[in-house]
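S.K.: Take this structure, written in structure tokens, and hold onto it; I'll ask about it next.
The values are calculated or read from the model by the stated rules, or taken from the named source; none is laboratory data. None of these values were measured; they are calculated from a predicted model. Cβ placement follows ideal geometry from the backbone for every residue including glycine, while neighbour counts extend to all protein chains displayed.
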């Protein structure tokens, strides 16, 4: 079978790959406040009492006991489903006062709290230019200074004054008492980029913000490092450590996490010429062993013969001399890419100075830090990380990347049961069954477009064009895969918005394809936590 031949699918796949979730998690968390260390024995005394407690917590919206669990799903669905899924980042949350490091295109740094980013992103900001006009003018006939303000097309005369300063004070006092600033959405906020880090080299980079989410009131912990960083986040939030990503709640005092730092930029003054030559000889001696007769350039992903490839230090020698003789830091690169990368490193070398890198810092304390509204960011790949209070943190959504692997030709077409026709006006519409002719037109049009786009994608790859460029021709109907991690409370929020049910107190009108994902996630969760799921349904499918 030809693997490059498009395949057309009308269903999604959801697999529960790992979990730590049961109804007892809710009961322990709820009863620890009254039973303390005896809370575990308490749950076995009266099963019906346990069922009643969960229903009480759900009904009266005591949400935090439903957060002491974790589920990770592997989802395979069309890309347009993930664009909807991205709006529901689940489980991993930061305190509103967490400072996010923003980086301009020229490398200028500024910081905003994540709560401020959320407000600017969704609600706009006040225009800096007031609507009121007027001011202070000289009244020649009276020989005095005239103070007046025009506001909302009405002129307010504030009197004549001997001194100009007095007239200006009158105008300032009027404007202070009658603010007239315009509320607008500042579009430039939506173009902000965050400081992120290459998880291979630990060098700093930029990533575009895709969304800013309010994640609800959560229980927080406070992590304090030896270098002075303080991160306030939920226990599920992932932070980068020297050993990879770990949840904040799994860390202990004495563990290390990665924080923002600096290191010397590549500089010729740092490495003597004789040592540089020696490193070059050592590297060339490993060329025949580390480069295959036909191999791939790790920078552009092109295929080349050994004679057209050289060994490149992934982390530049001047950035980390300890990696100069590390074979794990050597990768095949075509001569063109190697020259371009070396030129860029030499340009930095002439300037010297510092470069931003991620460095480790020991945790000196971890303590509970109350409950409050929390937030999260969605950032562009490939790394999906950002700096919060100078600590490298992650988000809860990882999708496969078209930059690093060839995307497979699996495409979505609606099944015969998919309703195709929309009737009614926006906000008050329904979908109804389509005719056989409409299904035929939709299916044929999609399959034709999919074949053409994937052929173009393959042509570009065969011509040596980078995957991240070639993928631009692929449609949103292409299937992708992602891991999504959540707890029961965040999953209930997702289900209340992305499933349609007659039992729901608040009606929802989700797109059918994301509802298919939600239904499968709900089925897996109901098997793990049947009492919690039953209480969710009984209480109108409203998350606590």
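S.K.: Please verify whether the stretch 277-284 includes one or more residues that are under 23 Å from residue 97 (Cβ atoms), in contact with a strand residue (DSSP E or B) (Cβ under 9 Å, 6 or more places away or on another chain) and surrounded by 12 or more Cβ atoms within 10 Å (Cβ to Cβ). Quick ask: steps written out before the conclusion?
M.R.: Just the residues of the stretch 277-284 that are under 23 Å from residue 97 (Cβ atoms), to begin with: none.
No, the stretch 277-284 has no match at all.
S.K.: With (1) assigned to a loop (DSSP other than H, G, I, E, B); (2) in contact with a strand residue (DSSP E or B) (Cβ under 9 Å, 6 or more places away or on another chain) as the list, and residue 513 as the residue in question, which single condition is left unmet?
M.R.: If we test residue 513 against (1) assigned to a loop (DSSP other than H, G, I, E, B); (2) in contact with a strand residue (DSSP E or B) (Cβ under 9 Å, 6 or more places away or on another chain), just (1) comes out false.
S.K.: Can I ask one more? Kindly provide the set of residues from the stretch 89-121 that are touching a strand residue (DSSP E or B) at 6+ places or on another chain (Cβ under 7 Å) and at pLDDT below 85, ordered by number.
M.R.: Those that are touching a strand residue (DSSP E or B) at 6+ places or on another chain (Cβ under 7 Å) and at pLDDT below 85: 89, 90, 91, 92, 93, 121.
S.K.: Let me spell it out: the conditions are (1) modelled with pLDDT of 85 or more; (2) assigned to a strand (DSSP E or B), and residue 228 meets all of them except one. Which number is the exception?
M.R.: Looking at each condition in turn, residue 228 falls short on (2).
S.K.: Tally the residues that are crowded, with 18+ Cβ neighbours inside 10 Å and at pLDDT 85 or above, restricting the search to the stretch 69-78.
M.R.: 6
S.K.: Now, a different point. Which residue out of 66, 85 is at pLDDT 85 or above, part of a helix (DSSP H, G or I) and crowded, with 20+ Cβ neighbours inside 10 Å?
M.R.: The unique qualifying residue is 66.
S.K.: In this structure, does residue 441 turn out to be modelled with pLDDT of 90 or more, part of a helix (DSSP H, G or I) and over 20 Å from residue 7 (Cβ atoms)?
M.R.: Numbers: modelled with pLDDT of 90 or more: yes; part of a helix (DSSP H, G or I): yes; over 20 Å from residue 7 (Cβ atoms): yes.
Considered against the rule, which asks whether it is modelled with pLDDT of 90 or more, part of a helix (DSSP H, G or I) and over 20 Å from residue 7 (Cβ atoms), residue 441 comes out as yes.
S.K.: Only strands (runs of 3 or more DSSP E) wholly contained in the stretch 342-422 count here; list those with 2 or more residues that are at pLDDT 75 or above and touching a helix residue (DSSP H, G or I) at 6+ places or on another chain (Cβ under 8 Å).
M.R.: By residue number, 354-379, 410-412.
S.K.: Got a number for residues in the stretch 180-218 being at pLDDT 85 or above and assigned to a strand (DSSP E or B)?
M.R.: Total satisfying the criteria: 12.
S.K.: In the stretch 317-338, which residue that is out of contact with any strand residue (DSSP E or B) (no Cβ under 9 Å at 6 or more places or on another chain) and over 14 Å from residue 286 (Cα atoms) is surrounded by the most Cβ atoms within 10 Å (Cβ to Cβ)?
M.R.: So, considering only residues that are out of contact with any strand residue (DSSP E or B) (no Cβ under 9 Å at 6 or more places or on another chain) and over 14 Å from residue 286 (Cα atoms), the one surrounded by the most Cβ atoms within 10 Å (Cβ to Cβ) is 317.
S.K.: Within the bounds of the stretch 476-490, is there any residue that is within 21 Å of residue 429 (Cβ to Cβ) and surrounded by fewer than 16 Cβ atoms within 10 Å (Cβ to Cβ)? Break it down into steps so the answer makes sense when it comes.
M.R.: First, pick out the residues of the stretch 476-490 that are within 21 Å of residue 429 (Cβ to Cβ): none.
Scanning the stretch 476-490 turns up no residue that is within 21 Å of residue 429 (Cβ to Cβ) and surrounded by fewer than 16 Cβ atoms within 10 Å (Cβ to Cβ).
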